[in-house]
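The structure appears below as structure tokens.
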Amino acid sequence: MNTNWGKIVEKLFYGTFVLLFFWVGFKLFLIDYIDFDDDVETVQTLPELRVMFPDHPLTLDPVSVDPGTRQRLVNIYEALVKPDADLKMRPALATNWGLIDDRTWEFSLRKNVKFHNTSVFDVMDVVASITRMQEHEDSELKELLTSIEELEVIDDYTLRIKTFEPDPLLLQRLSMVLILPSELAYLDEINDDVGTGSYRVVQWNEEDSMIFERFDDYWGQLSKFERVSALGRVNPVERVNVFAAGEADILVAVPHEVVGALQEKGFVMNANPSLELQFLLFNFDYSLGKNKSFRKAVSLAVDQSFLADGEFVHTVKQFVSAGVFGFNPRIAEHEFDLEKAGDFVDAARLNGRTVKIHLFKNLKVLGEELREKLSEIGLKPIISYLELEDYLHSLEKGKSDIFFVGFRGDLGDSADFFDQAVKSGAAQNFANFEKDYVDELIAEASMELDSVSRRNALQKVMKAIVEDELIGVPLFEYDLIYAFRDLFDAFVRVDNVIYFDEIKLKQ
Amino acid sequence: MKLNIRSKLMIAISALMVVVFSVAAFSFINEKKIEMAEDIYHNSLAFVKLTAPNVAFNYDLYLAENSFVYFNREIAGVFEQNNDLQGIAVVSYAGEFLYDSSVDIDGKYEGAPRLLEGALLEQVRREDVSMKMSGGAVLSESVEPDSGERIEYFVVPATEKYSVIYEISYDNVDQRIAEMVERIIYLALFAVLLGIWLSFVMSGKLTRPISMLVTAAAKVSQGDFSSRVVLESSDEIAYLGAAFNKMSEDLGSAVEAKIFKEKVSRELELAGEIQRELIPQTLPKVNGLELASVIIPAEEVGGDMYDFLKSGEDRLIFYLGDVTGHGVPAGIVSSIASSLFFAFSDEQDLKVLMNKVNQVLQVKTMSNMFMTLCLMSWCSEERKFSYVSAGHEQIVHYKAKDAKAGLLPAGGMALGMVLDISTLLKIEDVQVESGDVLVIYSDGVPESWKNEKEVYGMERLIAKVGELGGLGISAEEVKTLLLKDVQDFAAGYKQQDDITMVVVKIV
């Protein structure tokens, strides 16, 4: 009996010794060569990522620059370069690039990349995609790409891009051009996702959600999440309720009123400057808009403070957010003076003039404030609250004296705003503003390679349109607030875009 | 607790491993710490001097104008280039913190001025790069820190307006050290386990043959000299095994030899007893004579012999012989001679008797075996003492009348050399008187060795016989005292030859 126990103990000892020996040897020599997926366990408990956005995508066609649409598209498509969290341009479908001369850029393209439809990526896809963005009827990127003069194919994976003038923002512009397979670029409309991105769309329920699945042939590191549900709720109450009910893991654009309540419930909150600025824009096509006294009177009559809460919403004095390159700190604070505003109305003999204001239907608070203040200075405001589609139509057709517009500086550079919304004839120049000297200043800024000179030029443009030309009345900017379930690293990017494969679970 | 060789070896090797690794690791880690701290110092110093002007420039270009997005991008680029950087601050010469990377994340700082004080302000206003050490000292870049001392931060005067403070982190160093320590611990553990395993295997190789040797030795101890060990190696253990096998074989042979020797000894003892039986057990009573005799063989069987052949109350024939050499051959020859003398004892003529014995011995014994012999006769009626010497030692004759000892004439040829020695033999008649002493002896007496150089010698013998003869003592006493003198002279030195004496005293 004793002998049997002795043998068992001996065998246990030898077994433990061998296990210990192999364990130590493994820790010492092999562990560095084995790729452990640290998140496997967590991913198994969270196979799907659910993100609640405050908007819906409009299309799968990358000609759109609508923020809600772009938010989805950047996870499906890729550009030549991709901005990192600090907006530094990193390789995406281009592996490296450089300037041959001041106007010629050469890009080396990534090999062994597949589109979701299994076609293989090469230089012709880039040429076709850039051309499509430049020429497509519905392209909202036309203005952005006007600096490109010529695309020259060197070989299957080398492309040279020549610009009319030196373009310091070319990389930023190209980061907006999402690449399609060349065989689809001729189509009028893209209804199916055919990008090279880390996710592909498997289901799209308009006004509700877009369901993504991980693209397993992706050239880069695969995302931790096999499936992503991008939910959309425009109604803030509905948005918060869905999130609070546990049907979403991340909530984008938390209404400011519920920040405290969500914090109390244990959600992790993160506030980030949205770089999105809201303002009123005058319509220079109409006589009222052309009248500088009218513009000055309206500006003096707007009380920014009633909109700002001092915590998440901040008053602004120009058309780009503080933080964006070209912001001009020397522009004076906005002045609110109803009496002086009335004087301008009187001097211009505008008493009783009807002022047509079209607003999106959710902006009744703003509308009523404008109605009150403009009435007080002797004007006769007529406020119309429109559905989004109607409002956009009104905006494009210039059917109102004053519009309410927002602009997000995704590139972190005010040239983006000037090119798209101020330059004469620009697609989003809803003010129909045209001034040669302003155009010249914008052109000067866009061509300048020296950073200081370019900053100075951009600041001059800003001063001109804010103080001299009063093309609109800057109102406020806000912090974009995110709420996370306590499973994630609460990481947000400067441009507030969510790349699903960048979301990290807590270790 | 008793430990076997294997356990001792395992413990010793494990202890050795632990000690060696501990000492080596301690020394290595200390050196590495110093080396890494020095690397950080040199790399960081070069890095901060290189990047400080750029940080100051970017501050002026971007953050001073509120463009924090691009500024953050540039600062992120700086952090990206140096993993040992923990923080960057821009301070004015006037003594104000303008930017602090640890807190100014979402925009330019807008609060109350953050003023520098004390030593830090002095550092900021220096014209050279200075560093604050962890010990509190502030050093100029021209002074290299003590070996291994850590730096808290560098202050680099970048422009006339700004200095840049770089906070240095040693987290990477500490982490690498911790990883190193962990690795060394695993390595030590691995070495200990490997050492245990190797010592287990090696000690098995060492103790297994030892166990085999122990088993074989036990068999040998039980008399099994056929026990052998088979060790298949070429080291000392194999030599030990071979030595054991040789020892076992030799031991077997030695024991056999011992047994044989014992058997021979017993036989020799028996032969000695037989020979002793041939020697007269009692001395004959002869008128006119006192007799005493002694024979002390050098070995069990001697080559000396004597005998008394009494042919009446008044006549006695006796002899004393000495065969060349001693031991068994000499004993056999002496026994033959004794038998021959006994057989021919009826012969009254000493020469004839001697020659008869000689003839037999010459024919029947080996050609190299000889025998000296003194054959004597006594006739009490005639008081006549005669002798025939066959090459024997001269008789010592003490003449009472002269109170002096001398040698009687020698003569003849040793028996067994030639077939007929009759012509060579001469009967000597000796005139004796009462009180005379005749000492007949073998060569063992005068040739009794005291050491390797000195023998008893004839002179001493003659003198002693003279001395003893003068004492008027009996033949027995003369024999005893003479023998004692010889033995005293030898003082225990090994007896080289048989000692035989016959003392005849004339009464």
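The values are calculated or read from the model by the stated rules, or taken from the named source; none is laboratory data. On a predicted model such as this, the values are computed, not experimentally measured, just so you know. Backbone-built Cβ (ideal geometry, glycine too); neighbour counts: all protein chains shown.
Quick notes on this one:
- Checklist (1) touching a strand residue (DSSP E or B) at 6+ places or on another chain (Cβ under 6 Å); (2) loosely packed, with under 15 Cβ neighbours inside 10 Å; (3) aliphatic (A, V, I, L, M); (4) over 18 Å from A:Asn117 (Cα atoms) applied to A:Val237, failing item: (1)
- Any hit, segment A:319-338, residues being crowded, with 20+ Cβ neighbours inside 10 Å and more than 31 Å from the chain's Cα centre (by Cα): no
Listed here are the residues, each with its yes/no results for (1) over 25 Å from A:Phe212 (Cα atoms); (2) buried (at least 20 other Cβ atoms within 10 Å of the Cβ); (3) not polar (S, T, N, Q).
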site	(1), (2), (3)
A:Val153	yes, no, yes
A:Tyr157	yes, no, yes
A:Glu165	yes, no, yes
A:Ile179	no, yes, yes
A:Asp188	no, no, yes
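- Residues of segment A:378-401 classified as hydrophobic (A, V, I, L, M, F, W, C) and buried (at least 22 other Cβ atoms within 10 Å of the Cβ), total: 1
- Exclusive hit being at pLDDT 90 or above and in a strand (DSSP E or B), set A:Leu300, A:Leu281, A:Leu275: A:Leu281
- Contact map, segment B:357-374: first residue assigned by TED's automatic domain parsing to the domain that holds B:Asp443, second residue among the aromatic types (Phe, Trp, Tyr) and not in a loop (DSSP other than H, G, I, E, B), Cβ cut-off under 7 Å, separation 6 or more or different chains; pairs are B:Val357/B:Phe341; B:Leu373/B:Tyr319; B:Cys374/B:Tyr319; B:Cys374/B:Tyr387.
- Unmet requirement for A:Ile481, which otherwise passes all of (1) within 23 Å of the chain's Cα centre (by Cα); (2) among the aliphatic types (A, V, I, L, M); (3) modelled with pLDDT under 90: (3)
- Scanning segment B:62-89 for residues that are at negative phi, within 11 Å of chain A (Cβ to nearest Cβ) and in contact with a Phe, Trp or Tyr (Cβ under 8 Å, 6 or more places away or on another chain) yields B:Tyr62, B:Leu63, B:Glu65, B:Ser67, B:Phe68, B:Val69, B:Tyr70, B:Phe71, B:Glu74.
- Flag for A:Leu262 being away from every other protein chain (no Cβ under 14 Å), aliphatic (A, V, I, L, M), part of a helix (DSSP H, G or I) and in contact with an Asp or Glu (Cβ under 9 Å, 6 or more places away or on another chain): no
- Screening segment B:13-61 for residues that are at pLDDT 90 or above and charged (D, E, K, R) and picking the one that is farthest from A:Leu458 (Cα to Cα) gives B:Lys49.
- As for segment A:330-349, it holds no residue that is within 30 Å of B:Val69 (Cα to Cα), without any contact (Cβ under 8 Å) to a residue 12 or more places away in the chain, within 14 Å of another protein chain (Cβ to nearest Cβ) and not in a strand (DSSP E or B).
- Residue within segment B:283-303 that is closer than 23 Å to B:Asp349 by Cα and either among the polar types (S, T, N, Q) or part of a helix (DSSP H, G or I) (or both) present: yes
- Residue-level check: of (1) closer than 30 Å to A:Val494 by Cα; (2) at pLDDT 90 or above, A:Ile357 misses just (1).
- When segment B:130-176 is filtered for residues that are in a loop (DSSP other than H, G, I, E, B) and of a type in the set (Phe, Trp, Tyr), only B:Tyr170 remains.
- Test set (1) closer than 30 Å to B:Glu477 by Cβ; (2) among the hydrophobic types (A, V, I, L, M, F, W, C); (3) surrounded by fewer than 17 Cβ atoms within 10 Å (Cβ to Cβ) - B:Ala254 fails condition number: (1)
- Matching residues, segment B:108-123, being out of contact with any Gly (no Cβ under 6 Å at 6 or more places or on another chain) and part of a loop (DSSP other than H, G, I, E, B): B:Lys108, B:Tyr109, B:Glu110, B:Gly111, B:Ala112, B:Pro113, B:Glu117
- Within segment A:77-119, strands (runs of 3 or more DSSP E) holding 1 or more residues that are more than 14 Å from chain B (Cβ to nearest Cβ), of a type in the set (Ser, Thr, Tyr) and touching a strand residue (DSSP E or B) at 6+ places or on another chain (Cβ under 6 Å): A:94-101, A:104-109
- Odd one out for B:Ser44, checked against (1) more than 14 Å from every other protein chain (Cβ to nearest Cβ); (2) within 30 Å of A:Asp495 (Cβ to Cβ); (3) surrounded by 19 or more Cβ atoms within 10 Å (Cβ to Cβ); (4) among the hydroxyl-bearing types (Ser, Thr, Tyr): (2)
- Qualifying residue in segment B:361-370 (condition: among the basic types (Lys, Arg), within 19 Å of B:Gly411 (Cα to Cα) and modelled with pLDDT of 85 or more): no
- Residues of segment A:300-329 that turn out to be on the phi > 0 side of the Ramachandran plot and either more than 10 Å from every other protein chain (Cβ to nearest Cβ) or charged (D, E, K, R) (or both), as a count: 1
- Given (1) within 21 Å of B:Leu289 (Cα to Cα); (2) at pLDDT 90 or above, number of the condition B:Val357 does not satisfy: (1)
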